[in-house]
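Bear in mind these aren't lab numbers, they're just calculated from the coordinates by the rules spelled out. Note that the structure is a prediction, hence the values are computed from the model and not measured. FYI the Cβ positions are ideal-geometry reconstructions off the backbone, even for glycines, and counts take in every protein chain you see.
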Amino acid sequence: MPPEIIGAFMALGVGFLFAAGVVMARVGLVSVPSSTGNLISVLSGWVPIAVIAAIFYPNELFTLPAAAYLWMVAVGAINFPIGRFLNLASLKLLGVARANPVMATAPLYSAFVGVVFLDENMTWPIALGILITMGGVILVVTSAMRGSRPQAQPVPNAGAPVPVGGAIATTSILSRLRTPFYLGYGSAFTSAVVYGIMPAMSKQAISYSGNPIVTASFTLLAGGLIMALAIGPRIPRDLRMSPRRGLAFVLAGGVTMTVGVLLLYSAVLRAPVIVVSPIVSLQPVIALIMAHFFLQKLERITWPLVLGTLLVVAGVVAITFGIET
């Protein structure tokens with residue numbers, strides 16, 4: 001079997017693992033702050049990876065060129081303290097169904113980076129597959145958003161004093177931007193951009209060693225240290241206030257997503273970024289279905305869900321066909 005096809009199947013596994021991790025983390029984030037939850041999810045994945053790397057690959061840990069460590073630190077610093085943190089924050093503020101549509105735009109950024117900076121070929125089947133996959137993902141998850149728009153804010157009293165210089169309009173805009181609705185979607189959009197460029201950066205980072213475990217041990221360590229420095233004083237208080245059940249779900253979600261990160265590194269070693277990213281974008285659909293059955297907070301299966309799922313499958317088939325051509 002060609003390595004590109006193997007990479008495509010690995011990317012499909014990444015989508016399942018990320019979806020399962022998101023659903024488990026969502027349960028824990030009900031009672032755990034996003035920042036501390038993100039740190040737990042990163043460190044819970046780093047510990048077993050670091051142990052495996054130290055036992056089986058000790059000679060590879062500190063013999064790589066300096067550029068390799070710079071790339072691994074860059075990936076860890078951007079992916080986990082920014083990308084995963086904002087992803088978890090959007091899940092906490094919006095829930096799985098409303099945050100995932102924005103995450104489905106990540107392949108657009110991956111395709112742009114892959115074609116412009118990595119000289120990867122964009123064939124017509126792959127381009128069509130990206131569009132069909134994204135269309136299916138967006139159709140599936142937006143069907144759960146109907147009726148979830150924020151309620152209109154009450155109009156100020158007519159007799160209230162009006163600040164000079166249009167201050168009411170400015171205050172109204174700022175207050176709306178601070179609501180969970182807009183903060184959640186802003187976090188999801190920024191996280192989608194980060195996740196969109198991550199496959200290309202990961203491909204560059206792992207190209208020096210070719211070992212996903214060694215690469216993940218450094219990227220997770222860099223991300224965990226930066227998060228710990230950023231929220232250090234809050235960690236003991238958050239751990240005391242968070243119930244053990246919530247911490248356990250966040251930890252389990254972090255370990256699951258870390259296995260997904262390992263599989264992602266393996267996938268980008270074998271297949272182009274413009275192939276891996278749209279297949280990984282199956283994650284929102286898988287997460288929505290899992291949430292429907294395990295969280296029992298989403299809509300029942302509807303025709304938009306069925307049609308969207310069929311579009312996603314058709315997109316993956318088109319991408320796979322594009323690899324062969």
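Excluding residue 22 itself, calculate the net charge of residues whose Cβ lies under 12 Å from the Cβ of residue 22, where each Lys or Arg counts +1 and each Asp or Glu counts -1. Walk me through the numbers on the way to the answer.
Details: positive: 26, 84, 92; negative: none.
It works out to a net charge of +3.
So if each residue of separation counts as 0.36 nm, and I subtract the Cα-Cα distance between residue 121 and residue 241, what length gain in nm does that give? If you can, show how the numbers build up before the last one.
Values: separation 120, 0.36 × 120 = 43.20 nm, distance 5.09 nm.
Once the chain is fully extended between residue 121 and residue 241, it gains 38.1 nm.
Quick check on the exposure proxy: order 203, 92 from fewest to most C-beta atoms within 10 angstrom. Kindly include the intermediate steps, with their values, before the conclusion.
Values: 203 24, 92 21.
Least to most surrounded, the residues fall as 92, 203.
Compare the peptides 48-59, 74-85 by average per-residue count of other Cβ atoms within 10 angstrom and give them in order, highest first. Present the calculation step by step, with values, prior to reporting the outcome.
Numbers: 48-59: 13.8, 74-85: 22.9.
Packing order, densest peptide first, comes out as 74-85, 48-59.
Take segment 1-68, compute every pairwise Cα distance, and split them into 5 Å bins from 0; I just need the percent in each bin.
P(r) for segment 1-68, in whole percents per bin: 3, 13, 12, 14, 17, 20, 13, 6, 1, 0.
Within 10 Å, count the other beta carbons around each residue, average over each peptide in 229-235, 259-265, and list them highest first.
Answer by packing, highest mean first, reads 259-265, 229-235.
Report ³J(HN,Hα) in whole Hz for each residue of segment 202-217, in order, from the Karplus equation J = 6.51 cos²θ - 1.76 cosθ + 1.60 where θ = phi - 60°; Gly and Pro get x.
Ordered by residue, 3J(HN,Hα) equals 5, 4, 5, 5, 7, 5, 7, 9, x, 10, x, 5, 4, 5, 5, 4 Hz.
So, how do all the Cα-to-Cα distances of segment 34-132 break down into 5 Å bins, in percent, from 0 on up?
In whole percents, the pair-distance histogram is 2, 10, 12, 16, 16, 15, 15, 10, 3, 0.
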